[in-house]
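So the structure is just underneath, and the comments pick up after that.
The values are calculated or read from the model by the stated rules, or taken from the named source; none is laboratory data. Predicted model only: the values in this text are computed from it and were never measured. Heads up, the Cβs are rebuilt from the backbone with ideal geometry, glycines too, and the neighbour counts pull from every protein chain shown. The area values use the complete protein model at the heavy-atom level, side chains included, leaving out ligands, DNA and RNA. Shrake-Rupley method; radii C 1.70, N 1.55, O 1.52, S 1.80 Å.
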Amino acid sequence: MRPKFVAGNWKMHTTAATARQLASAVVRGLGADGRVVVAVCPPFPYLALVGDVLRGSSVALGAQNLYPEEEGAFTGEVNPAMLVDVGCKYVILGHSERRRKPELAETDAFINRKVHAALAAGLHAILCLGETLEERKSGQTEAVLKAQLAGSLAGLDPAHMARVVLAYEPVWAIGTGHSATLEQAQQVHAFLRRWIREIFGEETAAAIVIQDGGSVNPDNAGALLRQPDVDGALIGGASLNAEQFLAILRAALS
Ligand code: PGA
């Protein structure tokens, strides 16, 4: 049985004060309930202070990005060891906001370097994948996802995959209020798991956690998380409100 894993992606939101409040409210609201795996991913400057709030709780800390080098002259970048140093367990990689923004334009090859760097440092990678509306409409969803999987996971073996989580986030669902339907989500999640089975084998496919993301909220989370291949959720907007985030965590248990 795969555990449900719900992570909050705070993106470029919060202040020091609201980050602390939000993290405290999640810790208080969740209590000692360890049935759902929970992480929050604040912006870099607040990782340490949120880490302090989470210490001793069942909520894990995650970052939203890293740079795939050990150290050196990389002005403005953050290496995986720094994330481990401030208490991160997870790092979100390959988010569509980094893949698709022309100024960032992250490629699968670059994301692949990041995945390797994260795993080498002992982090768990939450690898985001997803197609645009045009890609879906023109019947390319599986081809796009296949290319993202093959590119981002190149050179990994089943042992590495034990620390990889997939997050299926169709670009058209992120921040739009239009989440994938239950059928769309289940169909794609099953496809992703089949691909993982082909490449990494049955054991990895059975164990890998595949989150869903894109406008997941307290109203749609329960039914979505009951789909057989939906093992959790990556939450953007709704993770900035403790009540909503906690309601999603409760829905994950229903
Ligand atoms: P959303 O974002 O929940 O605000 O749609 C999800 C994400 O981008 O991770």
Exercise for the section: For the chain, count the residues as N, evaluate 2.2 N^0.38 Å, and divide the Cα radius of gyration by that value, please. Expected result: 0.93
Problem - Contour excess over end-to-end distance, with Cα ends at K146 and E134 and 0.36 nm allotted per residue - result: 2.7 nm
Problem - Dipole in debye (nearest 20) - the chain, about Cα centre, beta carbon charges: Lys, Arg +1; Asp, Glu -1 - result: 500
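In a shell of Cβ-Cβ distance under 14 Å around E97, excluding E97 itself, what net charge do Lys and Arg (+1) and Asp and Glu (-1) give?
Details: positive: K11, R98, R99, R100, K101; negative: E103, E106, E169.
That works out to +2.
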Completion exercise
Descending accessible area (1.4 Å probe), largest on the left, turns H13, H95, H160 into H13, H160, H95
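May I ask you to compute the full-extension gain from S58 to A17, defined as 0.36 nm times their residue separation minus their alpha-carbon distance, rounded to one decimal in nm? Display every interim value, and only then the final one.
On the way: separation 41, 0.36 × 41 = 14.76 nm, distance 2.13 nm.
Residue separation times 0.36 nm, minus the Cα-Cα distance, leaves 12.6 nm.
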Fill in the blank from the handout: Computed over the Cα atoms of segment 138-254, the Rg and Dmax in Å are 14.4, 41
Problem - Where the Cα pairs of segment 9-102 fall when distances are cut into 10 Å bins, in % - result: 16, 46, 30, 7, 1
Practice task
Could you check how much of the accessible area of the chain is carbon and sulfur, as a whole percent, using a 1.4 Å probe?
Solution key: 54
Problem - Radius 13 Å from Cβ of Q244, net charge of other residues (Lys, Arg +1; Asp, Glu -1) - result: -1
Practice task
Provide the packing ranking of 134-142, 185-193, i.e. peptides ordered by the mean count of other C-beta atoms within 10 Å per residue, highest first.
Solution key: 185-193, 134-142
Exercise for the section: Taking all pairs of distinct Cα atoms, average 1/r, flip it, and tell me the Kirkwood hydrodynamic radius of segment 33-180 in Å to one decimal place. Expected result: 16.2
